[in-house]
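Heads up: the structure comes next, in structure tokens.
The values are calculated or read from the model by the stated rules, or taken from the named source; none is laboratory data. Predicted, not measured: the structure shown is a model, and the values here were computed from it. All Cβ positions, even for glycine, are placed from backbone atoms using ideal geometry, and neighbour counts span all protein chains on display.
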Amino acid sequence: MTDRELFVLFDLGETLVDLTDLVGRIADRLRREIPGMEQDAEKTSHDWIRRTSASLPREEGTPFVREIDVAATVLRELLAARGIPITASGADALLRRAWNDFEPSVRFCPGVSREWLEELRRVASGLAVVTDGDIVNVNRLVKRLDLERYFGAIITSEAVRAYKPNPRIYRAALDALGAAPRDSVFVSDTPLDLEGAAAVGMRTALLPRGLLSESAKLPPGALRLSGPQELRDVLASWSKEPLGLP
């Protein structure tokens, strides 16, 4: 336990869980199932994950759409641009088969381990995951990686019906932990996630990765971590002083 209450909330994909193999599995499925995609499969799968993230209905007040439905629409559009027709159900099924390929071998991002999570669990007042994902798929990863052992709350966009940076998804996690924003820090690989956390009064820290990290401007006061291990030192420092924006 820290000297002061200190709660740490994380994004999931590309912050804690490595998604590069998912991209590879989708590329494999495209090569095997879509005639003529042998040369373009790798680029298409990378375009797919970036465009899916960019296409999620993040604006407050816009109707909620499940991530799998957005992802299938994006895949259809990418294939249509190459003159390859596929039905909505066909795109959905291909992505689900790729997820089935990915899930048994899912792994943590570099620098993240069960030992690291256990250490954070001991020094923090509580840990949570806040992820733009569908309940079923997220729960499969949670079970596979035994994340419930470390996290007191795992909040999905589908459960809250809102994507980051909508304040509702952050507040749902804070409420589940019984945490005040001023006593909490949000860690993610994307500045957009941090903007939403900062807007509700949390401290923020960027953990840059290669797949989805952006070069966008960080919120005022945000830290840029060199790697997961640096987070331990940051928490030790923050635990000695009042949290929250000045």
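Observations
- Residue within segment 56-78 that is at pLDDT 95 or above and polar (S, T, N, Q) present: yes
- Candidate set from segment 179-192 (those that are at pLDDT below 95 and in a helix (DSSP H, G or I)); member that is farthest from residue 112 (Cα to Cα): 182
- When restricted to residues that are surrounded by fewer than 23 Cβ atoms within 10 Å (Cβ to Cβ) and either touching a Gly at 6+ places or on another chain (Cβ under 7 Å) or within 17 Å of residue 54 (Cα to Cα) (or both), segment 191-203 contains 4.
- For segment 5-38, the set of residues classified as among the charged types (D, E, K, R) and touching a Leu at 6+ places or on another chain (Cβ under 7 Å) consists of 14, 29, 33, listed by residue number.
- Helices (runs of 4 or more DSSP H) wholly inside segment 57-151 that include at least 3 residues being outside the structural domain of residue 181 (by TED's automatic domain parsing): 67-81, 88-102
- Residues of segment 19-38 satisfying the condition of being in a loop (DSSP other than H, G, I, E, B) and in contact with a helix residue (DSSP H, G or I) (Cβ under 9 Å, 6 or more places away or on another chain): 19, 34, 37, 38
- Residue in segment 146-166 that is under 20 Å from residue 223 (Cβ atoms) and surrounded by 21 or more Cβ atoms within 10 Å (Cβ to Cβ) present: yes
- For segment 99-128, the set of residues classified as under 18 Å from the mean Cα position of the chain (by Cα), β-branched (Val, Ile, Thr) and within 18 Å of residue 229 (Cα to Cα) consists of 112 only.
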